[in-house]
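Shown next, in structure tokens, is the structure this report addresses.
The values are calculated or read from the model by the stated rules, or taken from the named source; none is laboratory data. Since the structure is predicted, the reported quantities are computational estimates derived from the model, not experimental observations. All Cβ positions, even for glycine, are placed from backbone atoms using ideal geometry, and neighbour counts span all protein chains on display.
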Amino acid sequence: MTSPVVHEAINRQINAELSASYAYLAMSAFCARQNFNGCARWLRLQSQEEYGHAMKLYDFLLARDGAVELKGMAEPKRDYESIASVFEAALTQEQEVSRQIDMLYELAFKERAFAATVELQWFLTEQVEEEKSTREIVAKFRLVGDDPASLLDLDRELGSRTAAQ
Ligand SMILES: [Fe+2]
Ligand SMILES: [Fe+2]
């Protein structure tokens, strides 16, 4: 049995992962409206990944005999200045989630919730990967700037993302 304070924090993280999923879905819809269908695909798959993260914590909480308490979600940002700014926002979001995971890990450790720390190690590793891949995309958008041909290439590249990635 894990401490109630850790259970509460995991419930908050489930909400954060679902909120990230929702935000990515709104980003995907924005890109699709601009006919950047490769970007839209990448973001839609990312939305699914975040849903998967939420469910991983959801399953963990139930396995630890904890109560899942789903909370309300804020309406995600709908409009962006550009496709590039969508990915800038994605990077900021990933950095914020990394900070949340760090704090959650620290709390679990302090509360001697060791099983939770093991579960959260997966998330620490995942955040390194997610920040890295998003940062690389942001760098590419900065590089291509407003060049239409390069933007189309980049859109095509992002559209090649597969679900397992
Ligand atoms: Fe996540
Ligand atoms: Fe993420």
*Taking the range 34-71, which residues are part of a loop (DSSP other than H, G, I, E, B) and in contact (Cβ under 8 Å) with a residue 12 or more places away in the chain?*
Gln34, Phe36, Arg64, Asp65, Gly66, Ala67, Val68, Glu69, Leu70, Lys71
*Of the numbered conditions (1) modelled with pLDDT of 95 or more; (2) more than 16 Å from ligand 2 (Cβ to nearest atom); (3) of a type in the set (A, V, I, L, M, F, W, C), Met1 satisfies every one except a single condition; which is it?*
(1)
*Taking the range 134-161, which residues are buried (at least 17 other Cβ atoms within 10 Å of the Cβ) and of a type in the set (Ser, Thr, Tyr)?*
Thr134
*Assess whether Thr134 counts as being within 16 Å of ligand 1 (Cβ to nearest atom), in contact with a Phe, Trp or Tyr (Cβ under 9 Å, 6 or more places away or on another chain) and β-branched (Val, Ile, Thr).*
yes
*Out of Leu124, Leu62, report the one residue that is within 16 Å of ligand 2 (Cβ to nearest atom), surrounded by fewer than 16 Cβ atoms within 10 Å (Cβ to Cβ) and at negative phi.*
Leu124
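Residues are listed down the side, and each one gets a yes or a no for (1) under 17 Å from Arg41 (Cα atoms); (2) at pLDDT 95 or above:
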residue: Val128; (1), (2): no, yes
residue: Thr134; (1), (2): yes, yes
residue: Ala139; (1), (2): no, yes
residue: Asp147; (1), (2): no, yes
residue: Leu151; (1), (2): yes, yes
residue: Arg156; (1), (2): yes, yes
residue: Gln165; (1), (2): yes, no
*asked:* Taking the condition of being within 16 Å of ligand 2 (Cβ to nearest atom) and among the basic types (Lys, Arg), how many residues in the range 13-58 meet it?
replied: 2
_Residue that is nearest to ligand 1 (Cβ to nearest atom) [pool: residues in the range 118-131 that are of a type in the set (S, T, N, Q) and more than 17 Å from Tyr24 (Cβ to Cβ)]_ = Thr125
*Evaluate the range 7-25: report whether one residue or more is buried (at least 18 other Cβ atoms within 10 Å of the Cβ) and not in a helix (DSSP H, G or I).*
no
